[in-house]
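Okay, so here's the structure we're looking at.
The values are calculated or read from the model by the stated rules, or taken from the named source; none is laboratory data. Since this is a predicted model, take the numbers as computed values, not measurements. Note that each Cβ is placed from the backbone with ideal geometry, even for glycine, and that neighbours are counted across all protein chains shown. Surface accessibility is based on the protein's heavy atoms, side chains included, excluding ligands, DNA and RNA. Shrake-Rupley method; radii C 1.70, N 1.55, O 1.52, S 1.80 Å.
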Amino acid sequence: MGPEAVIEVAGLTRRFGSFTAVQQVSFSVRAGEIFGFLGANGAGKSTTIRILCGLLAPSEGHACVAGIDVARDPEAVKRSIGYMSQKFSLYLDLTAEENLEFFGGAYGLGRRALRQRGRELLARVGLRERSAEITGRLPGGMRQRLALAAAMLHRPRILFLDEPTSGVDPRARQSFWALIREAAREGVTVFVTTHAMDEAEFCDRIGLMADGRLRALDTPDGLKRSFLPGEMFHLELSPDRSIDALASQPGVLRIESAGAAYRLRVEAGRFDPEKLRALLGPAAVRVERVEPDLEDVFLEVVTQARGEAVP
Amino acid sequence: MGTGLSGLMAVMRKELRQTFRDRRMVAILIMAPLIQTVVLGYAVDLDVDAVPTVVCDRDQSPASRALVQEYLAGGTFRLVGRAAEPADAERWLDRGDAAVALILERGLGERLRAGQAASVQVFIDGSDSNRALVAMSASTQFFVGRAARLSQERLSWLERLQGRSLAVPRLTLEPRIMYNPRLSSPRYMVPGVAAFLLLLVTTLLTAMGIARERELGTLEQILVTPLSPMALLTGKCLPFAFLGLIDVAGLVAIGALLFDVPMRGPLWLVFAGTLVYLLTTLGIGILISTVSRTQQQAMLGALFFMLPALLLSGFATPIGNMPGWLQPITYLNPMRYFVEFMRGCLIRGSGLAELWPKLLVLLVFGLSVLGLGALRFRKRLA
Ligand SMILES: Nc1ncnc2c1ncn2[C@@H]1O[C@H](COP(=O)(O)OP(=O)(O)O)[C@@H](O)[C@H]1O
Ligand SMILES: [Mg+2]
């Protein structure tokens, strides 16, 4: 499996009382990889991250981070990892600089090293001019970049970022992802959770979580190939028209409605836009071939998972 | 595996910055205790004088009028009205308009002049037991004194009549109250106020400070650093301990300047005792924070501990006046020992030689509570 694995998880399970938040999850993450963890709210992403950071003990299974068993020696893991929790968790009443000073001290950095590293990181995340401002007065995007800087103070080998771009505007998302890629280029392994599917395209590999289980794990293209074989079409019908005419056609694999529009997946080579127009008749307002995206993968995975859960 | 001193210093610096950045916090920590001491010192003045008194003089003789006048002259009693009948006087008490009724029966002057036995009635409203006791003792003292004077006058008259001296044995009581001769209550109160304010400042703020970090999520961010729980807790507590010492210094100064607290004991002992007491108050704050998820829960938890601690400390009501079954429970109350320690040190001028047992108890309390708090806190990380 190529380079060494820095995160190895086998049969990981975490229960809260009678509720199982994470169930039999196994995967490994290679050094230098951007590993995305996708899933709806409550899928068990944060719980998994907290176990990997040594904040929660697993109920069952093993997790090794940077070669250390997190259940056995959570303290040793802490020096190798940086963590940005889902909820903003720096001090809103301290300045950006003071926040870095505090967390640097908590990581045991000496004063001089800390000052230099702090300046370097503030410049890197674009906060040099605003370093003396009270954190609570910074806009959301800047706060998230400051939190990333705080997580990187001690030069961790692995970064755990739990929904780092939630509630942030699109431009700020882009600049945040540029920082993630920069870190990955320097050899840092990034484990990032999100429920924004467009962001997931930036990941080297993606794990899909649903109801505490890891349902799929592959590169974005690999996921599309294996879960969405065939071709995708985007259809828009005039109101009150039904798509039933298509549903019974041989070669149609799945029809998902997305508001007034539909996403149609068919076996490769059996349909083209003209044929579809002919089949739909005057009901067709718009018919075009599209590339499947991870949203489609996600819907497919969740649908399959539900199908399995029923019996 | 912790980050030791650098981590501890970082926590302290952060804590001081946050505290002093918040103006209201500074006010709560430093100004409020001092103002409260002054207010409490005056408001909880337990000295009793000017007890409202109604007089029912049915005799209306020169002798009865003189008696009433002298009874009121001491200052303990203040005339608020006169009643024609004893039943009227009782109504004054029922209404709460008077706390004492003095009843002089018809023929009192006559009987005294004739050398016969006569009695005087005093009704006392017992709903305020402290005031009732004072009124009772002042009345007793007054009438016992009057009775002695009357027999003395009678005796002198007999001696003059018989032309020889009649030896009659006499016993007089000369009570002398030590250490607080004027029975002034602020003196008694200031040590208790100190104990309570320290509890308020340190327990409440420690509990709420840690709960706040848990509530806001900053604790989670700290817990992924190698910072040891000990460094975190120490760094959070030390600034509050320091503020506690400043508060005690201010309190002792106010006590000395405004309320004549004598400050007999050595000052270093006051501070040493305070430090030992702080171990307990901070430890309880930490313990409370480990069972609280939010600041609100922490505040309620702290109050839940502080109110009984206050009431069972002998802060205002002497422990000896509590019901018998309650008294042993006060031995479990660390605040009790500190109140006694401070009274001993400030008012009686006791030194280490007399006070070490209380310090020892406080030390044992402090180390156990602090240890338990730190242990529970460590467990909560996993
Ligand atoms: N400390 C906890 N106690 C009880 N239930 C929890 C706790 N933490 C998470 N859960 C539950 O576990 C499930 C997974 O939560 P989480 O891992 O936060 O999901 P995600 O991050 O994917 O949104 C949720 O249903 C959540 O309510
Ligand atoms: Mg989450």
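Overview of values
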read-out	value
Any hit, the range A:51-60, residues being outside any strand (DSSP E or B), within 16 Å of ligand 1 (Cβ to nearest atom) and open to solvent by 40 Å² or more (accessible area, probe 1.4 Å)	yes
Residue A:126 being of a type outside the set (Ser, Thr, Tyr), open to solvent by 10 Å² or more (accessible area, probe 1.4 Å) and not in a helix (DSSP H, G or I)	yes
Residue B:97 vs. criteria modelled with pLDDT of 85 or more and assigned by TED's automatic domain parsing to the domain that holds residue B:72	yes
Condition broken by residue A:276, with the remaining ones in (1) open to solvent by 30 Å² or more (accessible area, probe 1.4 Å); (2) more than 33 Å from the chain's Cα centre (by Cα); (3) at pLDDT 80 or above satisfied	(1)
Answer from A:11, A:2 - the residue that is more than 12 Å from ligand 1 (Cβ to nearest atom), modelled with pLDDT of 95 or more and over 18 Å from residue A:85 (Cβ atoms)	A:11
Only listed residue being within 13 Å of chain B (Cβ to nearest Cβ), farther than 30 Å from residue A:8 by Cβ and of a type in the set (A, V, I, L, M, F, W, C), chosen from A:100, A:127, A:109	A:100
Segments classed as strands (runs of 3 or more DSSP E), wholly inside the range B:43-161, with at least 1 members that are of a type in the set (D, E, K, R) and farther than 30 Å from residue B:190 by Cα	B:51-57, B:77-82
Complete set of residues in the range A:253-299 that are more than 24 Å from residue A:197 (Cβ to Cβ) and of a type in the set (A, V, I, L, M)	A:276, A:278, A:279, A:280, A:283, A:284, A:285
Candidate set: the range B:259-311, residues that are without any contact (Cβ under 8 Å) to a residue 40 or more places away in the chain and within 16 Å of residue B:247 (Cα to Cα); chosen: the one surrounded by the most Cβ atoms within 10 Å (Cβ to Cβ)	B:275
Filter result (open to solvent by 30 Å² or more (accessible area, probe 1.4 Å), part of a loop (DSSP other than H, G, I, E, B) and either of a type in the set (A, V, I, L, M, F, W, C) or away from every other protein chain (no Cβ under 11 Å) (or both)) within the range A:61-80	A:67, A:71, A:72
Condition met for residue B:238 (open to solvent by 10 Å² or more (accessible area, probe 1.4 Å), more than 8 Å from chain A (Cβ to nearest Cβ) and part of a helix (DSSP H, G or I))	yes
Hits in the range A:149-161 (condition: over 17 Å from residue A:46 (Cβ atoms) and either within 16 Å of ligand 2 (Cβ to nearest atom) or among the hydrophobic types (A, V, I, L, M, F, W, C) (or both))	A:149, A:150, A:152, A:153
Residue in the range A:81-91 that is open to solvent by 30 Å² or more (accessible area, probe 1.4 Å), more than 8 Å from chain B (Cβ to nearest Cβ) and within 29 Å of residue A:13 (Cα to Cα) present	yes
The lone exception for residue A:249 - which of (1) open to solvent by 50 Å² or more (accessible area, probe 1.4 Å); (2) within 16 Å of ligand 2 (Cβ to nearest atom) it fails	(2)
Residues satisfying the stated conditions in the range B:16-37, i.e. surrounded by 16 or more Cβ atoms within 10 Å (Cβ to Cβ), β-branched (Val, Ile, Thr) and away from chain A (no Cβ under 12 Å)	B:28, B:37
Filter pass, residue A:44 being touching a residue at least 60 places away in the same chain (Cβ under 8 Å), within 16 Å of ligand 1 (Cβ to nearest atom), open to solvent by less than 40 Å² (accessible area, probe 1.4 Å) and in the same structural domain as residue A:215 (by TED's automatic domain parsing)	yes
Strands (runs of 3 or more DSSP E) completely within the range A:162-246 that count 1 or more residues being within 14 Å of chain B (Cβ to nearest Cβ) and within 16 Å of ligand 2 (Cβ to nearest atom)	A:189-194
Residue within the range A:34-57 that is more than 16 Å from ligand 2 (Cβ to nearest atom) and polar (S, T, N, Q) present	no
Contacts under 6 angstrom Cβ, first residue in the range A:276-301 being acidic (Asp, Glu), partner surrounded by fewer than 20 Cβ atoms within 10 Å (Cβ to Cβ) and assigned to a strand (DSSP E or B), 6 or more apart	A:288/A:234
Qualifying position, being more than 16 Å from ligand 2 (Cβ to nearest atom), in the same structural domain as residue A:164 (by TED's automatic domain parsing) and either in contact (Cβ under 8 Å) with a residue 60 or more places away in the chain or not in a loop (DSSP other than H, G, I, E, B) (or both), among A:24, A:86	A:24
Test result for residue A:70, closer than 20 Å to residue A:5 by Cα and not small (Gly, Ala, Ser)	yes
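Every residue, every condition in (1) farther than 19 Å from residue B:33 by Cβ; (2) in a helix (DSSP H, G or I), yes or no:
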{"residue": "B:201", "(1), (2)": "no, yes"}
{"residue": "B:227", "(1), (2)": "yes, no"}
{"residue": "B:243", "(1), (2)": "no, yes"}
{"residue": "B:246", "(1), (2)": "no, yes"}
{"residue": "B:289", "(1), (2)": "yes, yes"}
{"residue": "B:302", "(1), (2)": "no, yes"}
